[in-house]
Every structure is written in C-alpha cells, then in structure tokens.
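The values are calculated or read from the model by the stated rules, or taken from the named source; none is laboratory data. From a predicted model like this one, the values you see are computed outputs, not experimental measurements. No Cβ is skipped: glycine too gets one built from the backbone with ideal geometry, and neighbour counts run over all protein chains shown.
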Amino acid sequence: MLRVAGLCKRFGALKVLHGIDLDVHRGEVVVIIGPSGSGKSTLLNCLNFLEPYDEGEVHFDGVLVGYRLDDKGRKRPMSHRAMSELRSEMGMVFQSFNLFPHKTVLQNVIEGPRIVRRQRRKEAIALGQALLDKVGIGDKAHVYPANISGGQQQRAAIARALAMRPRAMLFDEPTSALDPELVGEVLDVMKTLAAEGMTMVVVTHEMGFAREVADRLIVMDHGRIIEVGSAQEIFASPTHPRTAEFLRKVL
Ligand code: ADP
Ligand code: MG
C-alpha cells in the first residue's frame, strides 16, 4: 500500500533522511521508534508530502506521491487538488490535536468531507456522528474542543481523519501530549482500528502498544532505519547497539 524507496530529505544543509526504504502492506501496522531528532516525523510527513522529499520515491497504492509524470515521463508537481485528495486518503494524527478551536467537535469532523469531498451536509453529519460514537465521544458532538479533555480531543482528531474514509492512517506520537491517565483511551481507539484491518504507520514511544499491536517495528536513528523486526524480537535481542541504547532508556 505504501512503498518508500531511496527516500532522502534535507533541510538546507542538514540531511535528515538518508535513503529510507520501506514497504507497508495493506492492513499492516508498522510502528516506528527511535530517538528524538532521528527523522521519524520527517519520514511520516514525506509519506503524504506535507514535506516534499528531495530524492527517492513514495508510492501510495501505486500512485507516485507529490508528482505526476508528464507525457515525456518527466516528474511534474502534482496538482493541488490531486494532492489534497491523496492526502485525505492518508489520515494523519499529530501530537498536537490540531482541531479548529472555533468549531464544535462535530463541525471539525464534517469539515473535510464537506469541503474536499463535497459531501451533503446530512450525510456528513450522519457519518460524523457515527464516528464520534465509534471513538466514544458521541455525547461531545456539539462541544468546543477547549471544553473536552486532551484524550477526547485526540479521539475527535482521529474521528476527523476517519471521516475522509482514508485507506491508511499515519500517527505521529498521538499520545505524547496527553496526561498519563488519558493515554489508554486513545491507544484503545487505535487498537480497534488496527483490529479492523486499517493500514497504519505509528510513531510512538508507547512500547506496550508496539508490543501488542505492531506487525513490524522499525527503529530509526540519524535518518536511517537501523533495525526492522517484530517488537518481541527487537525488544528481546536488538542487533544494533544504538537500538539497545535507545531501548534501555524507554523500556
Ligand atoms: P523526530 O520526529 O524523530 O524527533 P524530526 O523528523 O522531527 O525527528 O527531525 C529530524 C531532524 O530534522 C532534526 O535534526 C530536526 O531538527 C530537523 N528538522 C525537522 N524539521 C525541520 C525543519 N522544518 N527545518 C529544519 N530542520 C528540521
Ligand atoms: Mg517527531
């Protein structure tokens, strides 16, 4: 479903991704861990072209992300419209919940379907309410984000991403900004999605989640993938010394 080949990314003189190769299969849950600054967020942002990449390619369901090929086979920037459509099919959830503060929870959820998908109001509301019920905050539909907990806001953000009926979901440290007692409710929603077969790429420091849910664990360090395997294998016997060092700090 996602095919990343030779992905390189620089910020000015700073090279932060050094040739990432990664395939994510349909229905797979890939968890990415690694020290701060290792390039996890940048990789995730390149997958849906929130960050343009410099070299290599990202394919999503066979479509080259960020570019179209012209009639001579040269890479041209993808149209804005095609890009926003593609992006909406990779639901993204960030550490900061990024809800619109002046809209209610339900208004946040129906915004994308209404504007990007031109969905009729009644349909968008029905789907939105169903998704809020699914993530356990159906009773908060008409409340403003400031008046619900961080865990509820993050579940609203997940519902908002799901409202676009994405084919994959990308999570960038979705529980890192939450008080510890609110982490579980967000992870539970993510576990449900995983069990339903959603394709997911998850950057997290929640090692319990990785152990329980990840089909594959990926360890990044200094802009490279240094280890790939099951969480069980990697936690029990990391092959790379920097993995061992990182795990000593987080496990
Ligand atoms: P992680 O998510 O693993 O903590 P990031 O992908 O955020 O790592 O960052 C990787 C490196 O890229 C870091 O050195 C960071 O400082 C740098 N970086 C990230 N975003 C930018 C940016 N917009 N401009 C310049 N440097 C950036
Ligand atoms: Mg990050």
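Quick notes
- Meets criteria (on the phi < 0 side of the Ramachandran plot, part of a strand (DSSP E or B) and either among the aromatic types (F, W, Y) or within 10 Å of ligand 1 (Cβ to nearest atom) (or both)) for I32: yes
- Screening R10 with (1) farther than 22 Å from H205 by Cβ; (2) within 11 Å of ligand 1 (Cβ to nearest atom); (3) free of Cβ contacts under 8 Å to residues at least 40 places away in the same chain gives one miss only, at (3).
- Test: residue in the stretch 181-191 that is buried (at least 23 other Cβ atoms within 10 Å of the Cβ), within 16 Å of ligand 2 (Cβ to nearest atom) and either of a type outside the set (A, V, I, L, M, F, W, C) or not in a loop (DSSP other than H, G, I, E, B) (or both): no
- Residues being within 16 Å of ligand 1 (Cβ to nearest atom) and either over 17 Å from G91 (Cα atoms) or without any contact (Cβ under 8 Å) to a residue 12 or more places away in the chain (or both) are represented in the stretch 56-64 by at least one member.
- Those helices (runs of 4 or more DSSP H) lying entirely in the stretch 96-166 with at least 3 residues touching a strand residue (DSSP E or B) at 6+ places or on another chain (Cβ under 7 Å): 150-162
- A count restricted to the stretch 1-50 and to residues that are within 16 Å of ligand 2 (Cβ to nearest atom) and closer than 17 Å to G91 by Cβ stands at 11.
- Every condition in (1) within 17 Å of S41 (Cβ to Cβ); (2) within 16 Å of ligand 1 (Cβ to nearest atom) holds for M169 except the one numbered (2).
- Just one of the listed residues (R76, R68, R81, R87) is part of a helix (DSSP H, G or I), more than 14 Å from ligand 1 (Cβ to nearest atom) and over 17 Å from the mean Cα position of the chain (by Cα), and it is R81.
- The set of residues in the stretch 193-230 being over 21 Å from A168 (Cα atoms), assigned to a helix (DSSP H, G or I) and hydrophobic (A, V, I, L, M, F, W, C) consists of M207 alone.
- Residue within the stretch 48-55 that is part of a strand (DSSP E or B), over 23 Å from V202 (Cβ atoms) and either over 17 Å from the mean Cα position of the chain (by Cα) or at pLDDT 95 or above (or both) present: yes
- Selection within the stretch 192-246 - crowded, with 19+ Cβ neighbours inside 10 Å, within 16 Å of ligand 1 (Cβ to nearest atom) and within 21 Å of A161 (Cβ to Cβ): V201, V202, V203, T204, E206, A210
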